[in-house]
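*Asks:* Let me begin by handing over the structure; questions about it come next.
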Amino acid sequence: AEYRQQRISEAQYLATVKEIMESVRDRRKTNLPTSLEGNEFAQALYGAVSEQLSSVKGMVIGDSPAPYGEAPLSSDAKLDQIHAEMGLRMEKIIREEAVVRWRDNPDAQNRMRNQIDDFLFELQSKMGITLSLEQMDSLIETCLNIARNRPDDV
C-alpha cells in the first residue's frame with residue numbers, strides 16, 4: 001500500500017519483500033515475545049490465543065508502571081505479553097495433565113479442558129477479559145488439537 005501511494009521507493013519495496021521472503025523461508029518468528037523463545041509448543045499456543053482473541057473487545061490492560069529502568073510497554077506489547085503468558089500457562093496445564101496415551105484417553109483430555117477452563121475464568125476476573133462460553137470452548141479445542149498433533153513431546 002505504501003508503494004502504491006508512492007511513500008516508499010522501488011528499492012525499499014524490494015528490500016521489504018526480500019526480508020519477508022527470507023523470514024518465511026528461514027521460519028524466523030519476528031514478533032514473538034522473548035518468553036516464548038525456544039519453546040515451539042508454547043509458540044503454537046500463543047499463535048492460537050492471539051488469533052482467537054484478536055476479535056475480543058473489552059480487554060482491560062492495567063496501567064501499572066514499568067519496572068525501574070525499563071520503558072513502558074505499548075498496549076499491543078502488553079497484549080502480546082498476556083497472550084504469551086496464556087500460551088505458557090496452557091502448555092503447562094497440558095503437560096501436567098498428559099499421561100501415557102492421553103490422546104486416546106477422554107478422561108485426561110477432560111481434565112485438560114477443565115483446567116484450561118478454570119484458568120480462562122480466572123484470567124477473565126483478573127484481567128477484565130470478556131469471553132463467551134463459545135469463544136472459550138473454541139480456544140480450548142484449538143489448543144488441544146495443537147497438542148494432539150504435536151510429536152510425542154507432549
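*Asks:* If the chain between Arg101 and Ala11 were fully stretched, how many nm would it gain, using 0.36 nm times the residue separation less the Cα-Cα distance?
*Replies:* 27.0 nm
*Asks:* Out of the total accessible area of segment 74-131 (probe 1.4 Å, heavy atoms of protein only), what percent is carbon and sulfur? Walk me through the intermediate numbers first.
*Replies:* Working: 1490 of 3230 Å².
Roughly 46 percent, rounded to a whole number.
The values are calculated or read from the model by the stated rules, or taken from the named source; none is laboratory data. Fair warning: this is a prediction, and the values are worked out from it, not measured in the lab. These area figures cover heavy atoms from the full protein model, side chains too; ligands, DNA and RNA do not enter into them. Shrake-Rupley method; radii C 1.70, N 1.55, O 1.52, S 1.80 Å.
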